[in-house]
Amino acid sequence: MAAKSQDKVFFGVAFFLLLASAGWMALQNSKLSSLRTSSEVTITPSAYVPAGIDAPSVSTKTWPSPVAQSSGPMWVYDVFTPPEIYYLESTKQFSVTLPPPPPPPPPPPESRFGINLVGIKQDSFRLQLVGYTGGPGDYRGMFENALSGDTIIGRAGKTIPDLGLTIKSFDVKRNKIESPDSMVTYDTEATAIVVDDKTGEEISLTNKHRRIKGEPFAILRAEGASATIEHKAGAKFTIGDATYTLLTITAEPPSVEIRKEAPDLKEPETKTLTPFVPVAPVPASPAPTDSAPPAQPAPATPFPFGT
């Protein structure tokens, strides 16, 4: 009996749940039906009216002029522009402004000695050996006529009537040169012996050096004068009330030793003179800005006086 009573209870509960489910589904169906019903919307068209746009306000600003940096008044440069750095030899400092152009080279120094050395000259021999051509057993020399500038090619026995010379011999040799690091190199040198047809003097020529004939002579200029005078060693000459004696002449480096004698001198004065060397010109550059003191560029390297 107890088992039958339990079955009735389970059946009743299941039936109740079935009814509840059916009722819930009916309620949901009514809600879905109301959602499916569409409502009509009325749209009234209107004419398009364009709307104006106000112009944007624009303001213009200018970068301020560059000002001196904390390093000093010489450090001035534009924004976003990397500066170029200059080193001023005179002040031992760096700067970003261009130095001003240097002053013109000074005139030759004046002294109480009364004379200056302009340069040294040497006479070249009238025939120079400048090279060679051919091969072993058939070498020929390449000579330069120092008077006309013409090139002469010849071997032993060739005569040069214009210069009064005859080529006595010509040879090309390879000279062995040993260096301190045990490396051996070879240097080719051409030599020639030429004979002066008038005096019979034999002169040796080489393609390594120009042949200088005779003693060098000095080119001198009296202070305040524009003309020059030329003298060889041992020459004695007078300028004003002073007498000069050219004692020695040196070609490399150019210099002379001169003795001066004058009534106002208690004893002769001897000096060694060298040519005046002008300062190489430097391109002009803008002057520095602001009130900064002018910067001086590094001194230019003098160039040697040409002979």
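What follows is calculated from the coordinates using simple rules that are stated; it is not laboratory data. Here the structure is a predicted model, which is why all the values come from computation and not from measurement. Cβ coordinates were reconstructed from backbone atoms using ideal geometry, including for glycine residues, and neighbour counts include every protein chain displayed.
Here are a few things to note about the model shown:
- Amide H contacts for Ile115 (H built 1.01 Å from N in the peptide plane; partners 5 or more residues away or on another chain; cut-off under 5 Å): Glu223.
- Under a model in which nothing but the beta-carbon of Lys, Arg (+1) and Asp, Glu (-1) is charged, segment 127-206 shows a dipole of about 260 debye around its Cα centre.
- Residue separation of Ile85 and Ala156 scaled by 0.36 nm, minus their Cα-Cα distance, works out to 19.2 nm of gained length.
- Difference of contour (0.36 nm per residue) and Cα-Cα distance, Asp241 to Ala262: 6.9 nm
- Grouping the Cα pair distances of segment 189-284 into 10 Å bins from zero gives a pair-distance distribution of 12, 31, 24, 19, 12, 2 percent in increasing distance order.
- Lys198 versus Thr60: modelled label distance in nm, points set 7 Å from Cα along the beta carbon direction: 8.6
- When the listed pairs Lys236/Lys260; Lys158/Lys198; Lys213/Lys236; Lys232/Lys260; Lys121/Lys168; Lys176/Lys208 are checked against a 19 Å cut-off, the alpha-carbon distance exceeds it for Lys213/Lys236; Lys121/Lys168.
- Fewest neighbouring Cβ atoms within 10 Å first, the residues Ser46, Ser255 line up as Ser46, Ser255.
- When you count the other C-beta atoms within 10 angstrom of each residue and take the mean per peptide, 207-214, 51-58 line up highest first as 207-214, 51-58.
- Length released on extending from Leu27 to Met142, taking residue separation times 0.36 nm less the Cα-Cα span: 28.6 nm
- Segment 127-206: mean projected area of Cα convex hull, nm²: 6.3
- Fewest-first sequence of Met183, Met142 by Cβ atoms within 10 Å of each Cβ: Met183, Met142
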